[in-house]
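The values are calculated or read from the model by the stated rules, or taken from the named source; none is laboratory data. Treat the numbers as computed from the prediction; the structure is a model and nothing was measured. As a convention, Cβ positions derive from the backbone with ideal geometry for all residues, glycine included, and neighbour counts pool all protein chains shown. Calculation scope for accessible area: heavy atoms of the full protein, side chains included, ligands and nucleic acids excluded. Shrake-Rupley method; radii C 1.70, N 1.55, O 1.52, S 1.80 Å.
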Amino acid sequence: MNALAATSRNFKQAAKLLGLDSKLEKSLLIPFREIKVECTIPKDDGTLASYVGFRVQHDNARGPMKGGIRYHHEVEPDEVNALAQLMTWKTAVANIPYGGAKGGIGCSPGDLSISELERLTRVFTQKIHDLIGIHTDVPAPDMGTNGQTMAWILDEYSKFHGYSPAVVTGKPVDLGGSLGRDAATGRGVLFATEALLAEHGKSIAGQRFVIQGFGNVGSWAAQLITEAGGKVIAISDVTGAVKNINGLDIAKLMKHSAENRGIKGFEGGDAVDSNSLLTEECDVLIPAALGGVINKDNADDIKAKYIIEAANHPTDPEADEILAKKGVLILPDILANSGGVTVSYFEWVQNIQGFMWDEEKVNRELKTYMTRAFRDTKEMCSSHHCDLRMGAFTLGVNRVARATVLRGWEA
């Protein structure tokens, strides 16, 4: 089941639980605006190349639209649409004043030089600059893009509109980026996990963790969980997987991964098959890589008691049902990985005020927001008698629906 089908299914289920008016339900699904532009640039060898850029702006009932820009050879309108819609519900769950958007350019960033990427980013910005803005739509990095990409967008946008640091988030700190943004999604995963375990009288300390993915989110989560006293016993990335039942030395693993471009060959543990990682004996499983990794084929063999969805859409709906029967608790992605967008919001706030926070304040505020989002989700679970995924979806959809009705959507 692809991301779009799963998101739509979750939305429809939430709308049913909330008893939404069918006209309102339909209007909430329709995107506000879909943009498609041709970006033609001269390549370094003098030839011309053309790339298609997209931006889907889904909903702005609760505030400016917010979402990443990805550079990937498979930027598909359908997927961008699903991700834009998911951002609408995610920002509402986190209770930050944004709607959802998503965008991207169909290109392989690895095949382009730095100067080609810069030209492409600037042309894309020229084509959409009057459709994004501080109070309209605020892009951020995603797959294949980073702080440098945001710096180019900021510079190009500012040529038209004057210096506007708040037009994008995820910027380098030297250009108004926020401290703590780099670790934000991983730190949010830590806070969400703490909240879920506390609900069951447990803490991070003494629990055994398995993490799939050792990119930005996975590596920060592993580091922070270890600092909090948790034991990370197995980790995988694209190069392989490593296991140590006494707990991996994350600092050494990070060093090894940086030097060898992957965790393969790490000597502080035993190499294991990446495919069997998800079914390792542990207390908490954190998928922090790709979508669709937990499915009907492996759900039965999962031994974890809790699953924290650090990746987007890692669990298929079929697997959801199997795991629910086994009594496995799943903390859904729209709650678990919302630390990134929450600190993006803090960055935007700091830019608008022209007043920057220290890292301690960023992390303190993030903990407040993540803990509150978990508490609000639990309230929806008890009033609608549903699991955490539906609790989060009903919470998000309800907030957007209420804002839409208050603003007068039928006029």
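Brief remarks follow.
- Long-range neighbours under 8 Å by Cβ, at least six apart or interchain, first residue touching a residue at least 60 places away in the same chain (Cβ under 8 Å) and hydroxyl-bearing (Ser, Thr, Tyr) within the range 124-138, second crowded, with 24+ Cβ neighbours inside 10 Å and assigned to a strand (DSSP E or B): 136/65
- Looking across the range 101-130, the residues that are in a helix (DSSP H, G or I) and aliphatic (A, V, I, L, M) come down to 114, 117, 120, 123, 128.
- When residue 317 is tested against (1) open to solvent by 30 Å² or more (accessible area, probe 1.4 Å); (2) assigned by TED's automatic domain parsing to the domain that holds residue 209; (3) in contact with a helix residue (DSSP H, G or I) (Cβ under 7 Å, 6 or more places away or on another chain), exactly one condition is not met: (1).
- All positions within the range 238-255 that are open to solvent by less than 30 Å² (accessible area, probe 1.4 Å), on the phi < 0 side of the Ramachandran plot and not in a loop (DSSP other than H, G, I, E, B): 241, 242, 250, 253
- Residue count for the range 365-393 satisfying the condition of being closer than 25 Å to residue 183 by Cβ, loosely packed, with under 15 Cβ neighbours inside 10 Å and without any contact (Cβ under 8 Å) to a residue 24 or more places away in the chain: 1.
- Qualifying residue in the range 346-355 (condition: in contact with a Leu (Cβ under 6 Å, 6 or more places away or on another chain) and either in contact (Cβ under 8 Å) with a residue 24 or more places away in the chain or closer than 23 Å to residue 17 by Cα (or both)): no
- Cβ pairs under 8 Å, 6+ apart, first in the range 4-25 and among the basic types (Lys, Arg), second open to solvent by 20 Å² or more (accessible area, probe 1.4 Å) and assigned to a helix (DSSP H, G or I): 12/25
- Some residue of the range 291-304 being touching a Cys at 6+ places or on another chain (Cβ under 7 Å), on the phi < 0 side of the Ramachandran plot, open to solvent by less than 40 Å² (accessible area, probe 1.4 Å) and not polar (S, T, N, Q): yes
- Qualifying residue in the range 216-223 (condition: under 15 Å from residue 190 (Cα atoms) and at pLDDT below 90): yes
- Flag for residue 203 being open to solvent by less than 40 Å² (accessible area, probe 1.4 Å) and not hydrophobic (A, V, I, L, M, F, W, C): no
- For residue 95, the requirement of being assigned to a loop (DSSP other than H, G, I, E, B), within 19 Å of the chain's Cα centre (by Cα) and either of a type outside the set (Asp, Glu) or modelled with pLDDT of 95 or more (or both) is met.
- All conditions but one from (1) under 16 Å from residue 103 (Cα atoms); (2) in contact (Cβ under 8 Å) with a residue 60 or more places away in the chain apply to residue 210; the one that does not is (1).
- When the criteria are applied in full, residue 40 meets the requirement of being under 21 Å from residue 75 (Cα atoms) and either in the same structural domain as residue 123 (by TED's automatic domain parsing) or of a type in the set (S, T, N, Q) (or both).
- Here residue 283 fulfils each of the conditions (1) buried (at least 21 other Cβ atoms within 10 Å of the Cβ); (2) touching a residue at least 60 places away in the same chain (Cβ under 8 Å) apart from (1).
- Checking residue 88 against (1) polar (S, T, N, Q); (2) open to solvent by 10 Å² or more (accessible area, probe 1.4 Å); (3) modelled with pLDDT of 95 or more; (4) under 17 Å from residue 139 (Cβ atoms), the condition it does not meet: (2)
- Among the residues making up the range 108-153, a single one is of a type in the set (Phe, Trp, Tyr) and over 17 Å from residue 36 (Cα atoms): 152.
- Taken together, the residues in the range 218-236 that are open to solvent by 30 Å² or more (accessible area, probe 1.4 Å) and either within 15 Å of residue 310 (Cβ to Cβ) or not charged (D, E, K, R) (or both) amount to 5.
- The sole residue among 330, 307, 322 that is more than 30 Å from residue 162 (Cα to Cα), open to solvent by less than 10 Å² (accessible area, probe 1.4 Å) and in contact (Cβ under 8 Å) with a residue 24 or more places away in the chain is 307.
- When the residues of the range 133-187 are filtered to those that are hydrophobic (A, V, I, L, M, F, W, C) and touching a strand residue (DSSP E or B) at 6+ places or on another chain (Cβ under 9 Å), the one that is surrounded by the fewest Cβ atoms within 10 Å (Cβ to Cβ) is 143.
- So residue 362, is it among the aliphatic types (A, V, I, L, M), touching a helix residue (DSSP H, G or I) at 6+ places or on another chain (Cβ under 7 Å) and farther than 29 Å from residue 30 by Cβ: yes
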